[in-house]
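J.: Encoded as structure tokens, here's the structure I'll be asking about.
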């Protein structure tokens, strides 16, 4: 099958590297960064590249798979620009961690039957094709979201892709997806940024000398792409705002126990420790 990857960053590059050993696919890519394209061709991750997205109008791309593997705001723009492929034999999927804004685009087009959203729960704080990894998705979860109008052939095509990449595939409603990931993924990044902003006001020499490895490991989240996380925070702002409100309530509870009730604090921490060991 012909597979076209739009965006050769960490995720798109890793998809290409993982599939490159298969004789069942022809892997092509489009990226405005020609260095990424050149690297991928040199490493034999892809067999060729597109000059423009208009190339996808050619008959040779019928019954193919298009993967949009760009940051969220660019994914929205690309999806809008691919309206000439809506309800065609070409299957379209993405890789972003927010889905509600994409759903709004599809609603304008009465939910085309050939678009299946994907969210591979994989990656790192690094970015770019140069940091892509073969087998990045092996053993990791990938979540699919799609409207009832989507034809089974397109669902099966996307599901088969992620299974071939080694992912454990599940299906989740797009709205519920964004609510869950506001807490499980987006909120931890919010906390890391907020914590670092708090630490900025302290003596940095003392912090560097006396902080343990756990602090640096947690703050590693801040090393992620600011552009990508600006997009994610903005596109899932309602759910993230609810999550922040819940976090503030928990911080207030903890602050009150620290100030006023050491025994209750110990019980509270023990309860949370037990909960963590069972659930995480």
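J.: Have a look at 169, 190, 158 and point out the one that is assigned to a helix (DSSP H, G or I), buried (at least 16 other Cβ atoms within 10 Å of the Cβ) and touching a strand residue (DSSP E or B) at 6+ places or on another chain (Cβ under 6 Å). Reasoning before the result, please.
T.: Numbers: 169 fails: assigned to a helix (DSSP H, G or I); 190 fails: touching a strand residue (DSSP E or B) at 6+ places or on another chain (Cβ under 6 Å).
Of the residues listed, the single one that is assigned to a helix (DSSP H, G or I), buried (at least 16 other Cβ atoms within 10 Å of the Cβ) and touching a strand residue (DSSP E or B) at 6+ places or on another chain (Cβ under 6 Å) is 158.
J.: Tell me, yes or no, whether segment 120-138 has at least one residue that is at pLDDT 95 or above, surrounded by 15 or more Cβ atoms within 10 Å (Cβ to Cβ) and not in a loop (DSSP other than H, G, I, E, B).
T.: Among the residues of segment 120-138, at least one is at pLDDT 95 or above, surrounded by 15 or more Cβ atoms within 10 Å (Cβ to Cβ) and not in a loop (DSSP other than H, G, I, E, B), which makes the answer yes.
J.: Which ones in segment 19-34 are over 14 Å from residue 78 (Cβ atoms) and touching a helix residue (DSSP H, G or I) at 6+ places or on another chain (Cβ under 8 Å)?
T.: Within segment 19-34, 19, 22, 25, 27, 33 qualify.
J.: Looking at the structure I just gave you, is residue 76 farther than 22 Å from residue 117 by Cβ and surrounded by 13 or more Cβ atoms within 10 Å (Cβ to Cβ)?
T.: Details: farther than 22 Å from residue 117 by Cβ: no; surrounded by 13 or more Cβ atoms within 10 Å (Cβ to Cβ): yes.
No; evaluated as a whole, the condition is false for this residue.
J.: Sticking with this one: Report yes if residue 70 is in a loop (DSSP other than H, G, I, E, B) and closer than 23 Å to residue 228 by Cβ, otherwise no.
T.: yes
J.: Would you confirm whether or not segment 51-66 contains a residue that is surrounded by 21 or more Cβ atoms within 10 Å (Cβ to Cβ), closer than 20 Å to residue 127 by Cβ and in contact (Cβ under 8 Å) with a residue 24 or more places away in the chain?
T.: Within segment 51-66, not a single residue is surrounded by 21 or more Cβ atoms within 10 Å (Cβ to Cβ), closer than 20 Å to residue 127 by Cβ and in contact (Cβ under 8 Å) with a residue 24 or more places away in the chain.
J.: What's the number of the only condition in (1) in a helix (DSSP H, G or I); (2) within 22 Å of the chain's Cα centre (by Cα); (3) buried (at least 16 other Cβ atoms within 10 Å of the Cβ) that residue 107 fails to meet?
T.: Going through the list (1) in a helix (DSSP H, G or I); (2) within 22 Å of the chain's Cα centre (by Cα); (3) buried (at least 16 other Cβ atoms within 10 Å of the Cβ), residue 107 breaks only (3).
J.: Restrict the check to segment 194-207 and report whether at least one residue is at pLDDT 95 or above, touching a helix residue (DSSP H, G or I) at 6+ places or on another chain (Cβ under 7 Å) and surrounded by fewer than 14 Cβ atoms within 10 Å (Cβ to Cβ).
T.: no
J.: Let me ask something else about it. Can you tell me which residue within segment 14-46, out of those that are under 22 Å from residue 158 (Cα atoms) and more than 25 Å from the chain's Cα centre (by Cα), is modelled with the lowest pLDDT?
T.: 23
J.: Considering each residue of segment 86-104, count those that are on the phi < 0 side of the Ramachandran plot and assigned to a loop (DSSP other than H, G, I, E, B), and give that number.
T.: 9
The values are calculated or read from the model by the stated rules, or taken from the named source; none is laboratory data. Note that this is a predicted model, so its numbers are computed, not measured. Every residue, glycine among them, receives a Cβ derived from its backbone with ideal geometry; neighbour counts consider all protein chains shown.
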